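Contents: one structure, followed by commentary.
Please treat every number below as a calculation from the coordinates, not as lab data. No experiment lies behind these values; they were computed from the predicted model shown. In this analysis, Cβ positions are derived from the backbone assuming ideal geometry, glycine residues included, and neighbour counts consider all displayed protein chains.
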Amino acid sequence: MSTLAASNKRSFWSVVWDYITTVDHKKIGVLYLIAGGFFFLLGGLEALAIRWQLVKPMNDFVSAGFYNELITMHGTTMIFLAAMPLIFAFMNAVIPLQIGARDVAFPFLNSLGLWLFVFGGIMLNVGWFTGGAADAGWTAYTPLSTISPGEGMDYYVIGLQISGAGTLMAGINFLVTIINMRAPGMTYMRLPLFTWTSFVASALILFAFPALTVGLFLMMFDRMFDSAFFDPAMGGNSIIWQHLFWIFGHPEVYILILPIFGVFSEVVSTFSRKRLFGYSAMVFATVLIAFLGFMVWAHHMFTVGMGAAANAIFAVATMTIAVPTGIKIFNWLFTMWRGSIQITTPMLYALGFIPTFTIGGMTGVMLAAATADYQYHDSYFVIAHFHYVIIGGTVFGLLAATHYWWPRMFNRMLDERLGKITFWIFFVGFHLTFMIQHFLGLWGMPRRYWVYLPDQGLDLGNAISTAGAFLMAIAVLILLYNIIKTAIKGEPCGDDPWDGRTLEWAVPIPAPHYNFKQVPLVRGLDPLWVEKMDGRKEMTPSEPLDDIHMPNNTVLPFVMTIGFFIAGFGFIYQKYDNALNALIFVGMGIALGAMLVRSLKDDLGYHIPKKELEKEARK
Amino acid sequence: MTEQDIMNPKKMPLQPEKATLEGKNKFLGFWFFLGGEAVLFASLFGTYLALNGSLNGGKSAEEMFGLPLVFIMTMLLLTSSLTSVYAMHHLRNNDFKRLQLWMSITVILGLGFLACEIYEFYHYITDYGFTFRSSAFGSAFYTLVGFHGGHVVFGLAWITALIVRNAKRGLNLYNAPKYYIASLYWHFIDVVWVFIFTVVYLMGVL
Ligand code: HEM
Ligand SMILES: [Cu+2]
C-alpha cells in the first residue's frame, strides 16, 4: 500500500503521529476506510451471532438479554460506524480529485469529523465491557430505551452524539468543498455523479442530523438528569422520540444510498465505455429523492395511531419516491445498452445491484401501502426489505467502490479473480439469507424475537437464512485475503489502470500530497475522456506553475475529541457520584481549550515553492 | 496570495471577510452550519409545542410568565444585533477601533440579556417550584430556552476572545472572516430569540 509503503523508512510512531495529525483528505480517507472496515467486521460478527441463535427453534446459544444487545449493536454499528464512514472514506479519497481541487474546504474540520466518529464508535462499544451494551434496538424507542437498566443505552446516547457531530462536520465540509473548490470549467452540470450524489447526501446530513442530535439530547436528559420528556407519568410523550428519530432516520437511508448511486453511475459508465445515459435526469432524480426524502418519515409509524389522514398522506408521499428511483434504474440500463461492456469486479457488483435493489424498492412500495403495513410492520418482511436496499445497495456499492478505487488509494490492483469469487459468494449468500426472510415475515415471524417455537413453519427458512449469512462471511474473508495478498505480493499498478473518464484518474498514482501540480482545465463532462478523445494523454493545465498553498498538520482535532470522550464518561457516571462531575469539567475544559487555541492561534498553512515543484518534475 | 498580503494587506478590499478562499469557505460553511442549527431549534420548538400543556400539576405558562422582563430581554438582544451590524459596517470601512467598540457593546448587551435570563429562571424555580424535573413542560421549557441561553454564552465567549486576541493588531484578511461569522452567529441567536419570544412567551400568556 503506497501510503504505508512510502513511509516504511520512518519509525512506526512517527507514522502514527503523522496520521493522527494529518489534514490530508487522502490519508483521512484511508483512516475512515480502516476504522469503518473494522466496525464492519465487528457488526458482521454480531450478525453471525444473531443468525446462529436463530438457526433452530428455541435455541439457547445466547441469552435473551444478550440477544437484545446483539441486534441493537449490530444495527447501530452497521449504519453509523460502518456504512456511513466507509462512504466518507471514498468521498475523502475521491471527491477533491474528481473536482480538481488540491484540498478540501475545511481540512481541520475534516480531521475533527474523523476523530469524533472514531471515538464515538469506541464509546458505543465500551458498553460491552461495563455490564452490557445498548439493548433497546437501533431505533431506541422510548420508554424502553429510557428505562433500560445499566449504562448500555447511555453509551448509545453519548457515542452517537459524538460520532453524529463528526458526521455533521464532514457533511458541511463536503458541501463547501464542492461549491467553492471546483477547478475552472468544472461546472455543476459537469460534476461526476459520485460528487453530485455525495453533495446531495451531504445536504441531507446537514438537515437531518440535527433532529437526531435533539432526540439524543432529550434522551440523555431523561436518562441522566431525570427530565420528563418521554415519561408519561410526568406528562411526557414517548412518541416525540419516534418523530425525531425518523425525521432523521428516513433521510439517513438516503444518505446511505445516494452516494452509492453515484458509485454505480461511475462504474457503469466506465465499464460500458459510454458516457452516462441521461446525466441531467440522474441529477434531477437525485435532488428530487432528497427533497421527497424529508417528507415521508412517518411511514415508519403507520401503526402508531396517527390517524387515517396522516397515514394516507405519508403513504402516497412515500410511493412517489419510487418514481425518481425508477428513473435511475433505467438510466443505468440504458448506459449499458450497446456499450462495450467489460465485466470487471466493480461492474459485477453493479450488475448484481440493479435487480437486487429493484426488489428492495418494490418491497418498499409494498410497505408504503399503509393498510398492508399493519401486517408487515415489525415482521421479518421489513428486515428483508431494508437488507435488500442496504446490503444490495449500499454494501454492494461499497464493495464495488473498494475494488474500483483501491488502485487509486493504494497503488495496487486487487486480484480480479478473487474479486469475482468474492462477488459470487457474497451475492448468493446474500439472497439466500434475505430472500427467505420476506416469506418468514409473511408467515408471521416477528422481528427482534430471541427464539421461535418449533413446527410453526419457520424452522427451515431460518436454517437457510443462517447458511446464507455464513456464505457472506466467507466472501468477506476472501476479500480480506485478497487485500493482504495484493498488499504483500502485488505490483504497483501505475496511473489510470481502468482507462478512466473522470479527473481522479488524471492524477498520478500515488498522488502527490498537493494532488494537482497545476489545476486542470475542465472542458466537458468526463473531462479526462474528453482529453483522451482529442488524442491527449493528460489534462490541460488551467494555470502556470506557481507556489502551492497547503494547510498545516494539527493535533488539535484529536485533543478536542479526547476531551469530549472524557466528558462523555462524566455524563454517564455522574449519577453515581457527584465527584465524577469533575470528568465533565476536565473533558469539556480540554475540548473547549483546544477550540480556543484553534481560534486564537494563527494558522496560515505553508507554501510549496515553485522551485521545488520544478525540481520534482525533473526527477 | 502571500502571507504578507493576508496579514498586512496594503489596500483593504471592499469585503475583507470574503477576500481569501479561506474567508469564502468560512462564510459559506457557516451559513450551512446555521441551516443545521435551524433544524436543531425547530426540533426543540416542536418538542416544546407538544409538551407545553403537560403541567403535571404545576403552574401554567400563563400563570408564571411576565411579559415586562421578557420585553426588556428582547430589547437587549435586538439592540445587540443592531450594534453588531454597526461593527460589521466598520469592518467594511476598515475602522478597526470602532469595530472593536461596537463588538464590545454587543457583548455588554448580551451579558445584560443573560443576567435577566438567569434571574428569570431563578424566579421560576424559587417562587413556583417550576424546574427542569417538575413536569414535561418544565423539561421542554428549560431545554428550549436553555439551549438558546447556552448559545448566547458561547457567542459571548467567542466574541470576547476575538476582541482580546486582536486588540493589539489591526484588521486583516485573516481575522476579518472570523469577526464576520461571529456576527452572523449573533444574528442567528437573535432570530431564534424572536421565535422564542413569540412561541413561548407571547403564545404562552395570550
Ligand atoms: C422505493 C423506495 C423505498 C420505499 C417506498 C421504502 C419504504 C419503507 C417503509 C414504508 C418502511 C417501514 C416499514 C415498517 O416498519 O413497517 C421502510 C423501512 C425501512 N427502510 Fe425503506 N423504503 C425505500 C427505500 C429504502 C432505502 C433506499 C433504504 C436504505 C438504503 C431503506 C431502508 C429502510 C430501513 C433501514 C427500514 C427499517 C427501519 C427499522 O424499522 O428498523 N429503504 N421502508
Ligand atoms: Cu423510511
Using per-residue counts of other Cβ atoms within 10 Å, averaged over each peptide, order B:74-83, A:322-331 from highest down. B:74-83, A:322-331
Everything considered on the Cα gyration tensor (a ≥ b ≥ c; rounded for a/c under 1.5, else prolate if a/b is larger than b/c, else oblate), the protein assembly as shown must be described as oblate
Angle, helix A:380-389 long axis vs. longest principal axis of chain A, Cα atoms, 0 to 90°, nearest 10? 10
Report the FRET efficiency, 1/(1 + (r/R0)^6), for A:Ile34 and A:Arg417, where r is their Cβ-Cβ distance and R0 is 25 Å, rounded to 0.05. 0.50
Other protein chain Cβ atoms within 10 Å, averaged over every residue that makes up B:164-176: 1
Helix-only [θ] at 222 nm, chain A, -39500 (n - 2.57) per DSSP H run of 4+, per residue, nearest 500, equals -22000 deg cm²/dmol
Do any of A:Lys532/A:Lys615; B:Lys24/B:Lys168; A:Lys517/A:Lys611 go past 18 Å between their Cα atoms, and which? A:Lys532/A:Lys615; B:Lys24/B:Lys168
Computed from the beta carbon distance with a Förster radius of 45 Å, FRET efficiency for B:Ser104 and A:Trp424 to the nearest 0.05 stands at 0.05
Taking B:Leu55, B:Leu69, A:Leu440 and counting other beta carbon atoms within 10 angstrom, the fewest-first order is B:Leu69, B:Leu55, A:Leu440
Shielding of B:39-45 by partners, i.e. mean partner chain Cβ atoms within 10 Å per residue? 6
Provide the gained length on full extension for the span A:Trp17 to A:Thr130, in nm with one decimal, where the gain is 0.36 nm per separating residue minus the Cα-Cα distance. 37.7 nm
Report the label-to-label distance for B:Glu3 and A:His513 in nanometres (one decimal), using points 7 Å from each Cα along the Cα→Cβ vector. 1.7
Charge dipole (chain A, unit charges on Cβ, about Cα centre) - positive-most of A:Leu218, A:Thr371, A:Gly397: A:Gly397
With 0.36 nm assigned to each residue of separation and the Cα-Cα distance removed, A:Leu480 to A:Phe334 gains 49.2 nm
Where a Cα-Cα gap under 28 Å defines reach, which lysines qualify for A:Lys420, not counting those fewer than 8 residues away within the same chain? A:Lys26, A:Lys27, A:Lys274, A:Lys328, A:Lys485, A:Lys489
Tell me whether chain B comes out rounded, prolate or oblate; compute the Cα gyration tensor, take square roots of the eigenvalues as a ≥ b ≥ c, and use a/c under 1.5 as the rounded threshold. prolate
On average, how many beta carbons from a partner chain sit within 10 Å of the beta carbon of a residue in B:23-29? 5
Please arrange B:Phe113, A:Phe264, B:Phe45, B:Phe33 by how many other C-beta atoms lie within 10 Å of their C-beta, fewest to most. B:Phe45, B:Phe33, B:Phe113, A:Phe264
Listed residue (A:Ala101, A:Ala208, A:Phe558) projecting farthest to the positive dipole end of the protein assembly as shown, Cβ model: A:Ala101
